[in-house]
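Down below is the structure, laid out as structure tokens.
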Amino acid sequence: MPHFAKPPAGSWTQHYPELGTAPVDYTDSVDPAFYELEKVAIFRRSWLNVGRVEKLPRTGSYFTRELAVLDTSLIIVKGADGKIRAFHNVCRHRGNKLVWNDFPGEESAGVCRQFTCKYHAWRYDLTGKLTFIQQEGEFFGVDKDQYGLKEVACDVWEGFIFINLEPAESLTEYLGDLAKGIEGYPFHEMTSVYTYRAEVGSNWKLFIDAFAEFYHAPVLHHKQAVKNEAEKLVGYGFEALHYELSSPHSMVSSWGGMAPPKDPSMVKPIERALRSGLFGPWDRPAIEGLDPLPPSINPSRSPSWGTDSFEFFPNFTLLFWAPGWYLTYNYWPTAVDRHLFEANLYFVPARSARERLAQELATVTFKEYALQDGNTLEATQSMLASRVVSEFPLNDQEILLRHLHKVVADRVKEYTDAAAR
Amino acid sequence: MALYPKPAEGSWTEHFPGVGTGVLSYEDCISPEFYEAEREAIFKRAWLNVGRVEDVPRVGSYFTKEIEVAATSLVVVRDLTGQVRAFHNICRHRGNKLMWNDYPRAETAGSCRAFTCKYHGWRYDLTGKLTFVQQEGEFFDLDKADYGLVPVHCEVWAGFIFINLAESPEPLQVFLGAMVTDLGGYPFDALTERYDFTADIRCNWKIFLDAFQEYYHVPVLHSQEATPAARPKMPGFEAPYYNLDGPHRMVATSGPPRRLWPTDYQYPIEIATRSGLFGPWNEPDLGDDLPGVNPGGIKAWQMSNFQIFPNMEILIWQTGWYMLYRYWPTSHNTHRFEGSLFFPPARTASDRAAQECAVVMFKEFALQDAGMLVGTQQGLESRAVRDDFPLNDQELLVRHFHNSVASWVDDYQRAHPVSVTR
Amino acid sequence: MTEAVLPADFSDLEPFAATWCLATEAERYARRMASTMAELEAFYQAGFPRIGEALGYCDKFPLDGLPDDAHHLLQLVHSLIMVAMCVEIWHQPNVIDGADAVLDRVAEPLP
Amino acid sequence: MPLPAEFADLEPYLAWALPTESERYARRLDSSLVEMQTFYDAAFPRLEEAIVYCDEHPYDDLPEDARTLLRLMQSLVMVSFPVEVWKQARVPDSGAAYLTVTAEPVV
């Protein structure tokens, strides 16, 4: 017996008939050839989030991104005109990597007025224009205008910086209505950031799968809750308030009545003491823009709403918590069975030790959960790779997974069909 | 001057038809492509020993076994009827590894009444049947009967648990053949005091196996097995008996028990503990009738070493104990070696110290093999010498082993001509 | 003076108890590899002549019911067996030609 | 005196006054449950007083002793999971996983 109403079609999944209800083939997560196709069919032609504008506070602020899935390194830089641009991180002279510190494979960040190649000192300005060639007279008819940095499409939405190697549409067209309905959320107020990184031994989609469904939460994480609460949670299982697909993107909206909890004995002592926990500090920050929330957030306008998770295709998750903070996940594939996971937790800057400690508890709790999720994934990957079973039944609460794997398959097919023509 | 008579054909090698006396290629130990072929042709088709019945003593006892060479993990369990079963260790819901503890790639063991997936709480009974689906109503036309654990063929011979990953393998007893199954009456179940070793070794699995199926190297690499006084008296090595049966093979040795050797032929610690390389000197009473252990009926029998295809060895000592080795490939030039030594349970401190001495000496000399064979792998990989390795009559088993591996790969490739690599 | 861990008859071996009464082969092997030949020789010279008496003492009890002092004594004998390899066979702590090979004992009867 | 005088009883736990999550997490993994429990038992009852003490000063300009106290309380948060939930230092079922903090607001 469902605790929350389902669409008239009978289930969220059937509400989107193109999804079907059949078991899903996970060969897409273990086949090296399919991974190569994902790189060209998806990652090279999608808008990918590479950071936020707060990372580029001044003219000349830059950071580099090592993106194995694109087989490139990018420089993202803020120009004197305030515009943010992206370039392939390669010197036009002999292909040396232009910007790096100590270790060429590691990302770096800083502020500069121009980029100078370490190798032969060619210089480029912040718009990518080649401004200086060492011993220019030794070259043969080199026109500096022809040798600027290779630019990559770069645009900003609500402070999130996106790049696209082969754009077919603008960023706002790509992000669509789902994103439109988030605009106005006070991202700019939430500038205190906690960043986490891990190299995970699984296909990138498996980690999205783990975060895009909460069906596992009462089971995998049951030890995290106090005993009575844990038993209650397993008994209920999990049901979302609302799902919405706006292909290729999607979202899930969930209840979350624990901030603050109705019954304080249901939470841990440290949570009672600091008024905080997994769902964040219980007391909302005093900023504008959280009431009312933009229309895409808590779309069912449920009073028991707790969190919304938006999956922006292919690899960007934006997750809002009712108490007034948000986090992002980026999943960067490095091989068919490996990816780099990044999580950023954003809060309104603490004004007191009490607020700082409340944030500390939220971030520590996040890590305890994420470690369990991450470890399970390696186990999953190793068994999927056995190919003993390749089709798996997904339930209605796993609709976002079904959708993700379908969109990936569709895009790859579109690409291979076009290539065959 | 031969110590023992050779067969009428003039040599053991020529005694067995089809073995040949030509030079051998070791390409099968250095080729990544050949390794991929072995994975399909051998390790997914042959019966593989994964444990002993003592590993699953009670109803619900289970252990997991990582089989990298077949890219899978198995769970082996004793069900309510006492039958030992094996399953792929994978939950049917989203492919999570079902049984593991803390480290997903580490093996685990325990006892349970049902297997519960850590991820979403699906449960399977000890026969692999799916018995519980969390929020079953959220699924679409899910028939639990269709989603049991994927079974793996599992049979037990003489207390040894074997699995087979093929769809419809021949019965285990048929696979093992008469030479091996004749050992079935040996009292393995009385030898339950156990010392287990494991090592990750940087050489092909067959190279390490080769070292334990010929003793031509012993007087040289392991010269210290003899005391300084005995060393000049040590002849080269000759075995009195070899036998082959299908892909399996064995060698026996003979000689007086070490306890009867002159005292300066024994190390002091051997005298002090009444034990040593060949095992404790106080022999347990295992009964007179030890079928199959000395198929050649040789006099002064000392030990028999059975090599069960592909990767298992049982070495039985006249002094009343045995060794079990298994070689698990992890890549074309690495493998995991598992060695176990089995004795009757020690009743006194002297028994225990005697076992300790035998076990410690086993490791001393196995370390020499392990140390050297990494060098062998490197030497072979140089391909400075290609297909030109001469083997002598005492290396008959090496020859037969590589022939058997090649013939299994050939058979498979003939039946699957498209591709053996995945 | 710390408290004796060995039976009174074996008090001469007490100086070696803290170092060599070790429960597992892994510990004994590690201690051996971390010792000098002089240390190994000293322990062997003192302990080897007493092995027979030590086992005689221990054998007065059932193996699964050894009193603590006998249990320690048996552990010392286990270590003497380990050390005998170096003193009697190799004349060095590590196995000749063993290179960097490892072979880990992952299960064993205790004591 | 590194801690405010009224928190002198917490001086034995000064080793926990660590500025970054990496250091706090590493110390947690290197500690026994008994050590963490002892620290928790001493520090938890003083948490509210510690917050009040720190918040008597502007957060951006904490005196050195208050900063040390706050870092001690951040470690209290770190050990609360091992003590209250796991009964062990590690997160269960997370053997091979790790998650490294690469940026955080440091007090």
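Scanning the stretch B:320-327 finds one or more residues that are of a type in the set (K, R) and either on the phi > 0 side of the Ramachandran plot or open to solvent by less than 40 Å² (accessible area, probe 1.4 Å) (or both).
Of the candidates A:L345, A:L371, A:L404, the single residue that is part of a helix (DSSP H, G or I), more than 28 Å from B:K144 (Cβ to Cβ) and either open to solvent by 10 Å² or more (accessible area, probe 1.4 Å) or within 14 Å of chain D (Cβ to nearest Cβ) (or both) is A:L371.
For the subset of the stretch B:178-219 comprising residues that are hydrophobic (A, V, I, L, M, F, W, C) and more than 28 Å from B:R399 (Cβ to Cβ), which member is farthest from the other protein chains (Cβ to nearest Cβ)? Walk me through how you get there before you give the answer.
Step one: list which residues in the stretch B:178-219 are hydrophobic (A, V, I, L, M, F, W, C), which gives B:178-180, B:183, B:188, B:190-191, B:197, B:199, B:201, B:203, B:205, B:207-209, B:211-212, B:218.
The next check asks that each one be more than 28 Å from B:R399 (Cβ to Cβ); those that pass are B:188, B:190-191.
Numbers: B:F188: 17, B:A190: 15, B:L191: 12 Å.
Here the answer is B:F188.
For (1) part of a helix (DSSP H, G or I); (2) of a type in the set (S, T, Y), each residue gets a yes or a no:
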position: A:W332; (1), (2): no, no
position: A:A350; (1), (2): no, no
position: A:A362; (1), (2): yes, no
position: A:T380; (1), (2): yes, yes
position: A:L394; (1), (2): no, no
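A quick yes/no check of all residues on (1) under 20 Å from the mean Cα position of the chain (by Cα); (2) part of a loop (DSSP other than H, G, I, E, B); (3) surrounded by fewer than 23 Cβ atoms within 10 Å (Cβ to Cβ):
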{"site": "B:G292", "(1), (2), (3)": "yes, yes, yes"}
{"site": "B:M303", "(1), (2), (3)": "yes, no, yes"}
{"site": "B:P345", "(1), (2), (3)": "no, yes, yes"}
{"site": "B:D351", "(1), (2), (3)": "no, no, yes"}
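I need the full set of residues from the stretch B:4-46 which are under 24 Å from B:M250 (Cβ atoms) and among the basic types (K, R), in order please.
So in the stretch B:4-46, the residues under 24 Å from B:M250 (Cβ atoms) come out as B:4-22, B:24, B:26, B:28-29, B:38, B:41-43, B:45-46.
Across the stretch B:4-46, the qualifying residues are B:K6, B:R45.
Condition first: part of a strand (DSSP E or B) and of a type outside the set (S, T, Y). Now tell me which residues in the stretch A:92-141 satisfy that. So that I can check it myself, show each step before the final result.
Narrowing the stretch A:92-141 to residues part of a strand (DSSP E or B): A:97, A:109-111, A:114-116, A:123-125, A:130-132.
Answer for the stretch A:92-141, where residues must be part of a strand (DSSP E or B) and of a type outside the set (S, T, Y): A:K97, A:A109, A:G110, A:V111, A:Q114, A:F115, A:R123, A:D125, A:L130, A:F132.
Selection of helices (runs of 4 or more DSSP H) fully inside the stretch B:133-242 by the criterion of at least 1 residues being at pLDDT below 90 and more than 17 Å from B:N311 (Cα to Cα) returns B:218-221.
Return the residues of the stretch B:368-394 that are among the charged types (D, E, K, R) and either closer than 13 Å to B:K206 by Cβ or open to solvent by 50 Å² or more (accessible area, probe 1.4 Å) (or both); say none if nothing qualifies. Residues satisfying the conditions are B:E381, B:R383, B:R386, B:D387, B:D388.
Candidates are the residues of the stretch D:39-89 that are under 20 Å from D:T20 (Cα atoms) and of a type in the set (S, T, N, Q); the one that is most open to solvent (accessible area, probe 1.4 Å) is D:T68. At least 2 residues being more than 8 Å from chain B (Cβ to nearest Cβ) and among the aliphatic types (A, V, I, L, M) is the threshold, and among the helices (runs of 4 or more DSSP H) wholly inside the stretch C:34-111 those reaching it are C:37-47, C:68-84. Summed over the stretch B:125-143, residues that are of a type outside the set (A, V, I, L, M, F, W, C), surrounded by 16 or more Cβ atoms within 10 Å (Cβ to Cβ) and within 13 Å of chain A (Cβ to nearest Cβ) total 4.
May I ask you to list the residues in the stretch A:129-172 that are of a type in the set (A, V, I, L, M) and over 34 Å from the mean Cα position of the chain (by Cα)?
We begin by selecting, within the stretch A:129-172, every residue of a type in the set (A, V, I, L, M); these are A:130, A:133, A:142, A:149, A:152-153, A:156, A:161, A:163, A:165, A:168, A:171.
A:I133, A:V142, listed by residue number.
Among the criteria (1) in contact (Cβ under 8 Å) with a residue 24 or more places away in the chain; (2) under 25 Å from B:D146 (Cβ atoms), the one B:Q83 does not fulfil is (1).
Do the conditions hold for A:Y331, that is, is it within 14 Å of chain D (Cβ to nearest Cβ), surrounded by 22 or more Cβ atoms within 10 Å (Cβ to Cβ) and of a type in the set (F, W, Y)?
Yes, satisfied.
Residue check: is B:E225 open to solvent by 20 Å² or more (accessible area, probe 1.4 Å), in contact with a helix residue (DSSP H, G or I) (Cβ under 9 Å, 6 or more places away or on another chain) and not hydroxyl-bearing (S, T, Y)? Yes.
When residues in the stretch C:11-30 are screened for being in contact (Cβ under 8 Å) with a residue 40 or more places away in the chain, part of a helix (DSSP H, G or I) and either aliphatic (A, V, I, L, M) or closer than 15 Å to C:D104 by Cβ (or both), 6 of them pass. The residue that is farthest from the other protein chains (Cβ to nearest Cβ), among those in the stretch B:357-397 that are out of contact with any strand residue (DSSP E or B) (no Cβ under 9 Å at 6 or more places or on another chain) and within 30 Å of C:P62 (Cα to Cα), is B:M361.
In the set D:L69, D:L47, D:L99, only one residue is of a type in the set (A, V, I, L, M, F, W, C) and in contact (Cβ under 8 Å) with a residue 40 or more places away in the chain; that residue is D:L69.
The values are calculated or read from the model by the stated rules, or taken from the named source; none is laboratory data. It should be emphasised that the depicted structure is a prediction, and the values quoted were computed from it without experimental measurement. Here Cβ is always computed from backbone atoms with ideal geometry, including for glycine, and neighbour counts include all displayed protein chains. In case anyone asks, the SASA skips ligands and DNA or RNA and just uses the protein heavy atoms, side chains included. Shrake-Rupley method; radii C 1.70, N 1.55, O 1.52, S 1.80 Å.
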